[in-house]
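Trainee: This is the structure I have questions about; it appears just below.
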Amino acid sequence: MSAQTQHQVSEFLADRHPFMPEERSERLEVCRAYGRRGIVKLVEVLFEADYSDDEKCGALALIYGLLSTQELKVEAIDAETVEAATALLADAGSSPNTRANAGFVLASLALIMRGRDRLAAADSIGVIADACLDKNPGVAVAAAAAMANVAKFRDGWATVVGVTKAVPSLVKAMPTNPAVVGAIVPLTGLFFEGTDVVLRAGAMSRLVKLLREAETTLDKKCALQALRNLANNDEGKDKAIQHGGIEAVVERLGDEDADVRQLAAGALLTLCVALEAKQLFMDCGMEAVDAMCALLRDDAEHVRNNATAAIRCLSELPVAKAAFVRGLVHDLDLVQSVFGSSAAGPMCELLAVRNADVRASASAAMAAFCATEAGANDVVNALHVVKRLTTVLADKSAEFKTHRAAAEALRVLCTKYEDARKVFAHLATTGDLAAGVRPQMVSFPALSGFVVKK
């Protein structure tokens, strides 16, 4: 083919396939962008009215996914993401998904100081507080997450407390949006002023109700922590007692989650500093005592530690101490670790009960207490201890190990204390017990030296 023919053909091809320039649209496509301007371009979508609600919802989701580092958060803040997300969260015309995504974006940005500063400058806290009351659960939970992330920092705490409607809105939202308690916890935990503000908003009654009705582990943990924070002052204790806080906490002592059990024991420790709270705990019955004793055997060390401290606090009430010693009587190691020989008084009372197993365990405990000087002093100061130990020794139906424990305790007491020796000598030679004690002298000859032969 000649060159001329080739040229003519090429001209024909140009006619058949003319060049058509691509029409470029100013409208951006909402998709995952890479590079330094990815977040900036996505934020531009949020400000433009031409984009649909679905596109803005998608842009917010992409922005939230990109906020993985502090540097990216700063870039988003500089691109006015806070202002855009706040406007969308406040926009009742936006879909619940869009508003929820806006709330989560604000929650992420609140984790750095510049983000919290921008939230304060953009008046976002009031918008977030209103959103916590939203009828849509997704929006309300996202707003609660944002408020919690703001409140957990000192500067954010001051910002939230400084917005008049913020705390009342959180308290009002509790029944329908338990997630707001995640913000109540830091508000009441950082400074006492926050506790006062939350109590004035009427939080205690709602918090106790929430604790009783909570189904998720997170809700239980937040409610217990907030209750304990509020109970750190006298007004909080009084309100907790008034609204049934003791009973609500007791109900959570047997929870399947170890952290919930720990927080429940810790809340009791704080509440039961008050005498009235101790009495209310005892009004819950032996079920509450048994539940606390069970925590001493918990697999989790932090649960055991809180339970030990709470039981010691409750045991400042004598009737409570007697109940706990009764609940632990068969576990001498636990009695020793919680009370030491200070349990001698209540243990002495158990020497006189009808249950033979209880008397046996109480006798063993008395012998163990007498092994130390301080323990022997505690035992000898227990009312009627020599008579009750002698009664156990004279009991023909008791096992040998029970007789041996009672005899050992009596031997130590009679060796160290003249008054104890006189009482034992009298009981062993006269009265109803003498006939039962006399045969035991053969098995435990050390006791015969304390008896004056006539």
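The values are calculated or read from the model by the stated rules, or taken from the named source; none is laboratory data. It should be emphasised that the depicted structure is a prediction, and the values quoted were computed from it without experimental measurement. As a convention, Cβ positions derive from the backbone with ideal geometry for all residues, glycine included, and neighbour counts pool all protein chains shown.
Trainee: Regarding the range 159-169, can at least one residue be identified that is part of a helix (DSSP H, G or I), crowded, with 19+ Cβ neighbours inside 10 Å and under 19 Å from the mean Cα position of the chain (by Cα)?
Mentor: no
Trainee: Name the pairs whose Cβ atoms lie under 9 Å apart, with the first residue in the range 429-441 and over 16 Å from A407 (Cβ atoms), the second crowded, with 17+ Cβ neighbours inside 10 Å and at pLDDT 90 or above, and 6 or more positions between them or separate chains?
Mentor: From the range 429-441, the pairs are T429/V437; D432/A394; A435/A394.
Trainee: Next question, about the same structure. I want to confirm something. Restricting to the range 31-55 and keeping residues that are aliphatic (A, V, I, L, M), in contact with a helix residue (DSSP H, G or I) (Cβ under 9 Å, 6 or more places away or on another chain) and at pLDDT 60 or above, which single residue is surrounded by the most Cβ atoms within 10 Å (Cβ to Cβ)?
Mentor: Looking at the filtered set, the residue picked out is L42.
Trainee: Follow-up. Which pairs turn up if I take residues in the range 158-174 that are at positive phi and look for partners that are crowded, with 22+ Cβ neighbours inside 10 Å and aromatic (F, W, Y) with beta carbon separation below 9 Å, at least 6 apart in sequence or on another chain?
Mentor: Between residues of the range 158-174 that are at positive phi and residues that are crowded, with 22+ Cβ neighbours inside 10 Å and aromatic (F, W, Y), there is no close pair.
Trainee: Next question. For the range 89-124, what are the residues that are touching a Ser or Thr at 6+ places or on another chain (Cβ under 6 Å) and β-branched (V, I, T)?
Mentor: Selection gives nothing.
Trainee: Pairs needed: first member in the range 316-327, over 11 Å from M282 (Cα atoms); second member anywhere, surrounded by 18 or more Cβ atoms within 10 Å (Cβ to Cβ) and of a type in the set (A, V, I, L, M); C-beta distance under 7 Å; at least 6 residues apart or different chains.
Mentor: V325/V335; V325/A343; V325/M347; R326/L350; G327/V289
Trainee: Let me ask you something else. What is the residue count in the range 272-304 for residues that are within 17 Å of K221 (Cβ to Cβ) and not acidic (D, E)?
Mentor: 4
Trainee: Of these, A288, A267, A300, A294, which one is assigned by TED's automatic domain parsing to the domain that holds A320, out of contact with any strand residue (DSSP E or B) (no Cβ under 8 Å at 6 or more places or on another chain) and under 24 Å from F192 (Cα atoms)?
Mentor: Of the residues listed, the single one that is assigned by TED's automatic domain parsing to the domain that holds A320, out of contact with any strand residue (DSSP E or B) (no Cβ under 8 Å at 6 or more places or on another chain) and under 24 Å from F192 (Cα atoms) is A267.
Trainee: Hey, among V329, V338, V392, which residue is over 27 Å from M292 (Cα atoms), hydrophobic (A, V, I, L, M, F, W, C) and crowded, with 20+ Cβ neighbours inside 10 Å?
Mentor: V392
Trainee: A further question follows. Quick one: L253 ticks every box in (1) buried (at least 18 other Cβ atoms within 10 Å of the Cβ); (2) assigned to a helix (DSSP H, G or I) except a single one, so which number is it?
Mentor: So the condition that L253 fails would be (2).
Trainee: Follow-up. State the number of residues belonging to the range 302-347 that are of a type in the set (F, W, Y) and either in contact with a His (Cβ under 7 Å, 6 or more places away or on another chain) or more than 17 Å from A265 (Cα to Cα) (or both).
Mentor: Selection size over the range 302-347: 1.
Trainee: Also: Checking the condition closer than 17 Å to L210 by Cα and not charged (D, E, K, R), which residue from G254, G266, G244, G285 passes?
Mentor: Answer to the selection: G244.
Trainee: Continuing with the same structure: Name the single residue that is surrounded by the fewest Cβ atoms within 10 Å (Cβ to Cβ) among those in the range 187-235 being small (G, A, S) and part of a helix (DSSP H, G or I).
Mentor: Among those residues, the one meeting the criterion is S205.
Trainee: Looking at T402, T415, T391, can you tell me which residue is more than 49 Å from the chain's Cα centre (by Cα), of a type in the set (V, I, T) and either modelled with pLDDT under 95 or part of a helix (DSSP H, G or I) (or both)?
Mentor: Answer to the selection: T415.
Trainee: Of the residues that make up the range 175-185, is at least one farther than 23 Å from G126 by Cβ and either within 14 Å of the chain's Cα centre (by Cα) or not in a helix (DSSP H, G or I) (or both)?
Mentor: There is no residue in the range 175-185 that is farther than 23 Å from G126 by Cβ and either within 14 Å of the chain's Cα centre (by Cα) or not in a helix (DSSP H, G or I) (or both).
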